[in-house]
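Scroll down for the structure; my scribbles are underneath it.
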Amino acid sequence: MRFDRLCMAILLVLVAPWAVKSGTGSGAVTGKVTYVGTPAKAEPIDMSKDPACVKLHAKPLLTEKVVTGPGNTLGNVVVYISAGADDAPAEGMSEVSFDQQGCRYTPHVLAVRVGQPIRFSNNDPLSHNIHTLAKVNREWNRIQPAQTPAFSYAYDKEEFIPVKCNVHPWMLGYIAVLKTSHFAVTSEDGTYTLPQLPPGKYTVTAWHELYGTQSRGITISGDETQIVNFLFYAKP
């Protein structure tokens, strides 16, 4: 009897970490992304090659390669769980939008899951072009004239994909295709939160289009909130 109980105890110790981690979880990771140094300044976008684009704006739009806020905060940073999360496939995930509006891609950085449908639309009164420069996934290039229906597409591999317009060379965006459901894209205040993490060990990664990638290892042991801040070194 004692032997049976001992075997059961050993079995529980071996299985319990996996069983707990596959649950919904109530732990979280939160933090702020900031920079030191001199970041590249947002500059007016020259749309003079297409007067139709110029007419859409009362004043010139600014570039979005580096978006900053008070206190040296950094926007457009994708923060996600790059290791440790046992996420199910993205079947049945709701569609997200990647739009062409005002002769720019909106949002500038879009994060989605592998298999999640992306709705590509053109809300401008002129033609645009979507050229996704994927290397791991399939690269494709598609003209989208004004007033044509939106279309959907889903990527099946993890990758950070630049997107450009061959018609309007200033148009540039990124699609971050991730295996995990735990991700966020910072706004100019630099903050992020990744909720619903079961107990376990994780790697938290932050990606910025100019300043690269950083990662931190953490351990969630219960329902606590871990604070993980990222500091990027900015150059003009």
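The values are calculated or read from the model by the stated rules, or taken from the named source; none is laboratory data. What you are looking at is a predicted structure, and each value in this text was computed from that prediction instead of being measured. Every residue, glycine among them, receives a Cβ derived from its backbone with ideal geometry; neighbour counts consider all protein chains shown.
Remarks
- Count of residues meeting criterion [crowded, with 18+ Cβ neighbours inside 10 Å and of a type in the set (S, T, N, Q)] in segment 177-204: 2
- With respect to being modelled with pLDDT of 95 or more, surrounded by 17 or more Cβ atoms within 10 Å (Cβ to Cβ) and within 18 Å of the chain's Cα centre (by Cα), A85 falls outside the description.
- On inspection, G92 passes the criterion of being over 27 Å from D189 (Cβ atoms), without any contact (Cβ under 8 Å) to a residue 24 or more places away in the chain and small (G, A, S).
- Selection within segment 184-236 - hydrophobic (A, V, I, L, M, F, W, C) and within 21 Å of F160 (Cβ to Cβ): A184, V185, L194, V204, A206, W207, L210, V228, F230, L231, F232, A234
- Among the conditions (1) in the same structural domain as L126 (by TED's automatic domain parsing); (2) within 30 Å of S48 (Cβ to Cβ); (3) of a type outside the set (D, E, K, R), the only one that F160 does not satisfy is (2).
- Selection from segment 25-66 of residues that are surrounded by 16 or more Cβ atoms within 10 Å (Cβ to Cβ) and among the β-branched types (V, I, T): V29, T30, V33, T34, I45, T63, V66
- If you check G173, G200, G190 for being small (G, A, S) and touching a helix residue (DSSP H, G or I) at 6+ places or on another chain (Cβ under 7 Å), only one passes: G200.
- Flag for G115 being modelled with pLDDT of 95 or more and surrounded by fewer than 18 Cβ atoms within 10 Å (Cβ to Cβ): no
- The listed residue being under 30 Å from A83 (Cα atoms) and in contact (Cβ under 8 Å) with a residue 60 or more places away in the chain, out of R119, R113, R104: R113
- As a summary of the residue check, G217 satisfies the conditions (1) modelled with pLDDT under 95; (2) loosely packed, with under 13 Cβ neighbours inside 10 Å except for the one numbered (1).
- Those residues of segment 39-86 which are among the polar types (S, T, N, Q) and under 19 Å from S187 (Cα atoms), in sequence order: T63, T68, N72, T73, N76
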